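What follows is a short report on a single structure.
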Amino acid sequence: MNYFRTILKIFEIRDLRKRILFTFFIFLIFRIFAHIPVPGVDIASLKRLFAESQLLSLLDIFSGGTLANFSVMSLGLNPYINASIIMQLLQMVFPKLEELAKEGEAGRQKINQYTRYLTVPLTTIQAFGMYVLLKNSQIISQVNPLTLLSLVATITAGTIFLMWLGELISENGIGNGISMVIFAGIVGRLPIGFAQTVSVFDPTQVKNILIFVIMALVVIVSIVVVTEARRPIQVNYSRRTSGQAAVASYIPFRVNQAGVIPIIFAISLILLPTTFARFFERSPNILIANLAQDIQRFFSPQGVFYNATYFLLVVAFTYFYTTVAFNTKQISEMLMKQGGFLPGIRPGSPTKAFLDFVSMRVTFFGAIFLGLIAVLPSIGQAFTGITTLLIGGTGILIVVAVVLETSKQVESHLVMRDYDAFLRKGASKV
């Protein structure tokens with residue numbers, strides 16, 4: 001009953017109601033454009049190719065399900081995500097970008113603008129690469145240069161349009177726009193997976209379906225727990241006024257500090273051999289063609305070697321990206337400038353050493369968790385034999401993270417509304 005009251009309260013707030021309705025309107029536009037295909041593509045063969053390639057399946061997740069249909073938004077937000085990751089890494093290389101990131105909101109806006117600029121050439125390159133891959137797989141016919149230019153320009157414009165839709169959600173809707181678009185694509189494919197499971201339902205598979213449901217619930221609860229888990233690091237700030245005690249606050253170090261970025265890095269790296277092998281599997285040279293086929297068999301997603309390597313890469317990239325997101329040297333310097341110190345730890349190098357100590361041990365649990373999430377599809381398929389409902393651990397992680405983030409934003413609107421009502425009530429009494 002409380003849930004219905006909360007929903008009613010949400011729609012009673014005019015600003016929040018407008019934001020939610022605007023977000024659903026953008027979702028509608030997104031789904032309409034997601035079903036406008038690029039001509040000249042064999043959709044049935046394309047879907048079979050995606051079923052065989054885990055890299056393409058992951059790219060389809062981040063495109064919001066548009067890549068499998070090869071729509072005008074085929075690449076989705078993949079180039080924008082890649083551009084964002086590149087800009088984060090460049091901040092470690094170029095001091096000017098790092099200084100720009102420290103300038104607050106103005107600096108972040110400039111970096112976001114650079115990210116948009118970088119998205120355009122990345123989209124063009126990826127669109128051409130996708131065309132070559134589909135042509136080698138005999139899914140798209142040979143086209144003349146003018147038609148190819150039109151195809152690349154159409155896909156590039158679709159990505160820029162989708163990026164604009166995401167920014168509209170961030171400004172006028174609810175939640176983070178880019179995350180909400182990816183979320184809409186993942187959730188939008190669930191009814192299709194459910195319908196496919198029902199269409200091939202076998203009464204003997206009831207046990208496997210129950211196992212799948214139990215596994216899904218355990219995974220969702222685990223993701224919520226790990227996503228919300230934090231290791232608070234107490235920080236005291238000395239007060240210059242005599243007679244006043246030090247003010248305490250906390251650095252909320254998250255167990256999963258890196259999010260889904262390590263999984264993206266790891267799967268992009270481990271699937272590079274099979275991706276390049278697909279370009280040469282139909283080579284007229286028999287030796288090269290056989291080598292390409294052997295590489296694809298060796299790096300099969302169902303193989304032990306593939307999953308073990310994938311798990312280790314996710315763990316390694318989790319540690320790497322955590323050092324980027326949680327810069328202990330920068331934090332220790334900032335604390336020293338602000339007069340902050342950790343209880344029992346000297347400022348400067350000892351503070352950095354302690355933060356490194358905490359980071360290494362807390363990140364271990366987050367890295368193992370992300371590694372297990374990454375190989376979850378293979379584990380689920382091995383236990384249940386069900387492939388139609390498996391959206392992957394990465395997809396589940398994104399969905400849960402977006403739901404948690406959006407619910408917190410809605411809750412903040414509700415708290416602000418109650419706070420304003422309290423102030424108005426107090427002012428009327430005065």
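The values are calculated or read from the model by the stated rules, or taken from the named source; none is laboratory data. It should be emphasised that the depicted structure is a prediction, and the values quoted were computed from it without experimental measurement. Positions of Cβ are generated from backbone atoms using ideal geometry, with glycine treated the same way; all protein chains shown enter the neighbour counts. Surface accessibility is based on the protein's heavy atoms, side chains included, excluding ligands, DNA and RNA. Shrake-Rupley method; radii C 1.70, N 1.55, O 1.52, S 1.80 Å.
Site pair residue 238 and residue 346 shows an inter-label distance of 1.4 nm when each label is modelled 7 Å from Cα along Cα→Cβ. Computed from backbone phi, the HN-Hα couplings of the stretch 157-173 come to 5, x, 5, 5, 5, 5, 4, 5, 4, x, 5, 5, 5, 4, 7, 10, x Hz, rounded to whole numbers (Karplus: 6.51 cos²θ - 1.76 cosθ + 1.60, θ = phi - 60°; Gly and Pro given as x). The label point for residue 17 and the one for residue 170, both projected 7 Å from the Cα toward the Cβ, are 2.9 nm apart. Applied to the stretch 73-83, the Karplus parametrisation 6.51 cos²θ - 1.76 cosθ + 1.60 on θ = phi - 60° returns per-residue 3J(HN,Hα) values of 9, 4, 7, x, 9, 4, x, 5, 5, 4, 5 Hz, with x for Gly and Pro. Strictly over 30 Å apart at the Cα level, which of 102/408; 18/96; 110/337; 96/408; 9/102; 102/352 would you flag in this model? Pairs exceeding 30 Å: 18/96; 96/408; 9/102. Of the whole protein surface, residue 362 contributes about 20 Å² of accessible area at a 1.4 Å probe radius. Across the protein chains, with a 1.4 Å probe defining accessible surface, the residues 217, 272, 313, 75 rank 217, 272, 313, 75 from largest area downward.
Extension gain, residue 36 to residue 94: 0.36 nm times the residue separation minus the Cα-Cα distance gives 16.8 nm. Each of residue 153 and residue 300 was given a label point 7 Å from its Cα along the Cα-to-Cβ line. The distance between the two points is 4.5 nm. Residues 250, 114, 321 ordered from highest to lowest accessible area at a 1.4 Å probe: 250, 114, 321. To the nearest 10, the accessible area of residue 151 is 10 Å² with a 1.4 Å probe.
Cβ-Cβ distance of residue 411 and residue 280, R₀ of 51 Å, FRET efficiency by 1/(1 + (r/R0)^6): the value works out to about 0.45.
Residues whose amide H falls under 5 Å from that of residue 253, counting only those 5 or more places apart or on a different chain, are 231, 233, with hydrogens built in the peptide plane.
In this calculation the C-beta distance from residue 136 to residue 368 is compared with R0 = 45 Å, giving a FRET efficiency of 0.75.
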